[in-house]
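Asker: If you scroll down you'll find the structure; I have some questions about it.
Rule-based calculations on the coordinates, nothing more; no lab input. Only a predicted model underlies this, so the values are computations on that prediction, with no experimental measurement involved. Note that each Cβ is placed from the backbone with ideal geometry, even for glycine, and that neighbours are counted across all protein chains shown.
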C-alpha cells in the first residue's frame with residue numbers, strides 16, 4: 001500500500017510543481033501590478049490564470065475532440081447497419097466479429113466512442129495536483145514548509161486568504177472554522193454553477209453531434225451516461241474540494257461550455273461536416 005502511495009506521489013510531483021509554478025507566477029505578477037499579495041482575490045485570480053493556461057494549451061485537443069464528434073455523427077448509419085447485421089446473434093463468434101467490424105469502422109472514420117472524454121482525462125492530473133497542493137496548505141503552514149514552488153510565506157498567505165468570508169483552503173466537509181456559513185454558501189453556489197455548466201455542455205454535444213436516427217446507438221448511450229453521471233460526480237466531490245479547487249473547476253467548466261458553443265456555431269470559421277472517408 002505504501003509503495004502504491006509513493007508511486008502516485010512520484011507521478012504527481014511534476015504536476016504539483018507545474019501547478020504551483022503557474023499559480024505563483026500569476027500571483028507575483030498581480031502583486032507587482034498593485035494587488036495585495038495576501039488578498040484572497042489575488043490568489044483567486046491566480047487560480048483563474050492557472051485555468052486559462054491549461055485550457056489554452058488544450059485548445060488543439062479540444063478541436064480534435066469536436067472533429068472526432070462530427071466524424072462520429074457520420075459513422076452512425078454504418079453502425080446501425082452493423083447492428084442490424086448481427087441482430088439476434090449472441091454467440092461468441094458473432095459478438096467477436098461485430099466488435100472487430102466496429103473497430104474497423106472507427107479506424108476508417110478516424111474516431112472512437114470515447115473521444116468526448118479526452119480533454120477531461122488530460123486535465124485530471126492537473127486537477128489532482130491542485131487538490132493536493134491546496135488541501136495540504138494548512139498542514140504545510142503548521143509545519144513551516146512550502147509546497148512546490150510556493151514559499152512558506154505564500155503558503156501562510158494562502159491559508160489565511162478568503163473571498164466572501166470563505167477561506168480558500170477550506171472545504172464544506174472539513175469546515176471553515178468560524179466562517180462555516182460562508183464556506184457552505186459559496187460551495188453550494190459553485191457546485192450548482194459547475195454542474196449546470198457541465199450538464200449544458202453535454203446536452204450541446206448530444207444535440208449538435210448526433211443525428212435523430214442515432215438515438216439508440218452505443219455512442220448516444222455513452223453520451224447520456226456522461227450527461228447524468230459527470231454532474232453527480234462533480235457535485236458529490238464538491239463537498240470534499242477546497243474552495244480554491246472549486247474555483248478552478250467552476251471556471252474550467254464555464255470555459256468548456258462557452259468554447260463548445262463558439263466552436264459548434266455554424267458561423268464559426270471551419271465549422272461544418274468533415275468529409276466522409278472514401
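Asker: Starting with the fewest neighbours, write out 98, 150, 194 ranked by other beta-carbon atoms found within 10 Å of each beta-carbon.
Answerer: By the 10 Å Cβ count, ascending: 98, 150, 194.
Asker: If you don't mind, there's one more thing I want to ask. Say R0 is 41 Å: what FRET efficiency, to the nearest 0.05, do residue 56 and residue 95 get from their beta-carbon distance?
Answerer: Numbers: r = 43 Å, r/R0 = 1.05.
Step by step, r from the Cβ atoms, then E = 0.40.
Asker: Sort 190, 103, 72 so the one with the fewest other Cβ atoms within 10 Å of its own Cβ comes first. Walk me through the numbers on the way to the answer.
Answerer: On the way: 190 21, 103 11, 72 25.
Ranked by crowding around the Cβ, least crowded first: 103, 190, 72.
Asker: Using label points projected 7 Å from each Cα along Cα→Cβ, tell me how many nm separate residue 193 and residue 10, to one decimal.
Answerer: 4.0
Asker: Another question, if that's okay. Name the shape class, rounded, prolate or oblate, that the alpha-carbon gyration tensor gives for the range 1-139, where a ≥ b ≥ c are the square roots of its eigenvalues, rounded holds for a/c under 1.5, and otherwise prolate holds if a/b is larger than b/c and oblate otherwise. Each step should come with its number before you reach the end.
Answerer: Values: a/c = 4.54, a/b = 2.23, b/c = 2.03.
It comes out prolate by the Cα gyration axes.
Asker: Would you compute the Debye intensity of the range 2-264 from its alpha-carbon atoms alone, equal scatterers and no solvent, and pass along log10 I(q)/I(0) at q = 0.12, 0.16 Å⁻¹ to two decimals?
Answerer: Values returned for q = 0.12, 0.16 Å⁻¹ are -0.80, -1.16.
Asker: Follow-up. Full-extension gain between residue 85 and residue 236, please, as 0.36 nm times their residue separation minus the C-alpha to C-alpha distance.
Answerer: Values: separation 151, 0.36 × 151 = 54.36 nm, distance 4.17 nm.
Residue separation times 0.36 nm, minus the Cα-Cα distance, leaves 50.2 nm.
Asker: Order by neighbour count: 145, 87, fewest other Cβ atoms within 10 Å first, most last.
Answerer: Least crowded to most crowded, the residues run 87, 145.
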